[in-house]
């Protein structure tokens, strides 16, 4: 416990309280704004991290979801599937350049099996990148396949190389998980980030999302002299807002990447989620708020140091306005996605109850108590954003 160092305010519903050399600060939220306040106090830092209750089960792709994917050209007939890649007889750990375990392993296949798999993977890459035009892979070869037993969907990471110039690319083959697919679709519709993926039965193939891992960026690049810290803080506020609205959970630093784009007079920053395993499953509201994760503390500190209440409110309003524009332009698609997801079991009844009660307190809005599914909560989030934004 923080004892007397803890701040109590009547408008604090969910707060992130830190004590340290920089003082105490609390991130709080009212219906219209987020208050970032800090008071100088003690020198001992104590943080209570957000934890995930238990491993989320993999939800199968229903016939209704398959029909939706077919309508929006996300389905494909692939020559091989996830189960074929699981036919390895042994794995070898993959170490980084410092000799540390990366949690990835190299699967070993019999030579005749490997040849079939690698040829199939080249065709899948052509389907993902060029609508199946295999001419783009004539001069490419599969350099390696790696397997991760750590992730929820136990992904395979495939590296494909152009033998003409040694330029390489990655893509991922995973178990198809309905909630993850819904997360990818919401990312496509509501965020400014396009996503590229294909589904075939129990197999999900995803394009590699380029960027610097969030934890690596925070540790070694965040305070680069040429980078404007206010722009980084601004992007974290916007990313936090998107996660709250779309119920994208577990966005700790290693589950997102930072994309850096040089502009004519400065650098632009974009945070992109790369892991959608915890899409609207957990019942704890904090899981959907990146500001509460201990791993994201450097980003929270940056916001505290460089942003005021007024600028935070401004950036939130900007992101909400952008979301409204995207939802209106994709209104038919998001309605179809809502209709499909609302009929499926994507979480437990207890988690739905906990989350709707938590969001009702968080937003001071008892309409959340009427929500029966996670989809209902997202729909109410979006409707509230539309009501708040004046276009």
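Would you tally the residues in the stretch 124-152 being touching a residue at least 12 places away in the same chain (Cβ under 8 Å) and buried (at least 17 other Cβ atoms within 10 Å of the Cβ)?
12
For residue 173, indicate whether it is crowded, with 20+ Cβ neighbours inside 10 Å, free of Cβ contacts under 8 Å to residues at least 40 places away in the same chain, within 18 Å of residue 78 (Cα to Cα) and in the same structural domain as residue 91 (by TED's automatic domain parsing).
Answer is no for this residue.
Let me confirm something: among 353, 377, which residue is surrounded by 18 or more Cβ atoms within 10 Å (Cβ to Cβ) and assigned to a helix (DSSP H, G or I)?
When all the criteria are applied, what remains is 377.
Every residue in the stretch 322-339 that is surrounded by 15 or more Cβ atoms within 10 Å (Cβ to Cβ) and in a helix (DSSP H, G or I), please.
322, 323, 324, 326, 327, 333, 334, 336, 337, 338
Of all the residues that make up the stretch 228-253, how many are more than 22 Å from residue 294 (Cβ to Cβ) and part of a loop (DSSP other than H, G, I, E, B)?
Within the stretch 228-253, residues that are more than 22 Å from residue 294 (Cβ to Cβ) and part of a loop (DSSP other than H, G, I, E, B) number 1.
Among the residues of the stretch 88-105, what is the count of those that are modelled with pLDDT of 90 or more, assigned to a loop (DSSP other than H, G, I, E, B) and loosely packed, with under 14 Cβ neighbours inside 10 Å?
1
Yes/no matrix, rows are residues, columns are (1) touching a strand residue (DSSP E or B) at 6+ places or on another chain (Cβ under 7 Å); (2) under 22 Å from residue 109 (Cα atoms):
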{"position": "130", "(1), (2)": "no, no"}
{"position": "144", "(1), (2)": "yes, yes"}
{"position": "153", "(1), (2)": "yes, yes"}
{"position": "161", "(1), (2)": "yes, yes"}
{"position": "176", "(1), (2)": "yes, no"}
{"position": "184", "(1), (2)": "yes, no"}
{"position": "187", "(1), (2)": "yes, no"}
{"position": "198", "(1), (2)": "yes, no"}
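Against the conditions (1) closer than 30 Å to residue 347 by Cβ; (2) crowded, with 17+ Cβ neighbours inside 10 Å; (3) out of contact with any strand residue (DSSP E or B) (no Cβ under 7 Å at 6 or more places or on another chain), where does residue 82 fall short? Just the number, please.
Single failed check for residue 82: (3).
Against the definition (exposed (fewer than 15 other Cβ atoms within 10 Å of the Cβ), in contact with a helix residue (DSSP H, G or I) (Cβ under 9 Å, 6 or more places away or on another chain) and modelled with pLDDT of 50 or more), how does residue 55 come out, yes or no?
Answer is no for this residue.
Could you tell me which residue of the stretch 254-313 is nearest to residue 230 (Cα to Cα), considering only residues that are in a loop (DSSP other than H, G, I, E, B) and within 11 Å of the chain's Cα centre (by Cα)?
So the residue we want is 274.
Test residue 121 against the stated conditions and say whether it is out of contact with any helix residue (DSSP H, G or I) (no Cβ under 8 Å at 6 or more places or on another chain), exposed (fewer than 14 other Cβ atoms within 10 Å of the Cβ) and modelled with pLDDT of 90 or more.
Here the answer is no, as residue 121 does not meet what is asked.
Only one of these conditions is not met by residue 108: (1) touching a strand residue (DSSP E or B) at 6+ places or on another chain (Cβ under 6 Å); (2) modelled with pLDDT of 95 or more; (3) crowded, with 18+ Cβ neighbours inside 10 Å. Which number is it?
(3)
Residue by residue through the stretch 196-217, note down the ones that are under 21 Å from residue 58 (Cα atoms) and not in a strand (DSSP E or B).
196, 201, 202, listed by residue number.
Which ones in the stretch 144-168 are out of contact with any helix residue (DSSP H, G or I) (no Cβ under 8 Å at 6 or more places or on another chain) and in a strand (DSSP E or B)?
144, 146, 157, 159, 161, 162, 168
Tell me yes or no: at least one residue of the stretch 252-263 is out of contact with any helix residue (DSSP H, G or I) (no Cβ under 8 Å at 6 or more places or on another chain), closer than 17 Å to residue 184 by Cβ and buried (at least 17 other Cβ atoms within 10 Å of the Cβ).
no
The values are calculated or read from the model by the stated rules, or taken from the named source; none is laboratory data. All values derive from a computational prediction rather than experimental measurement. Don't worry about glycine lacking a Cβ; one is built from the backbone with ideal geometry, like all the others, and counts go over all protein chains shown.
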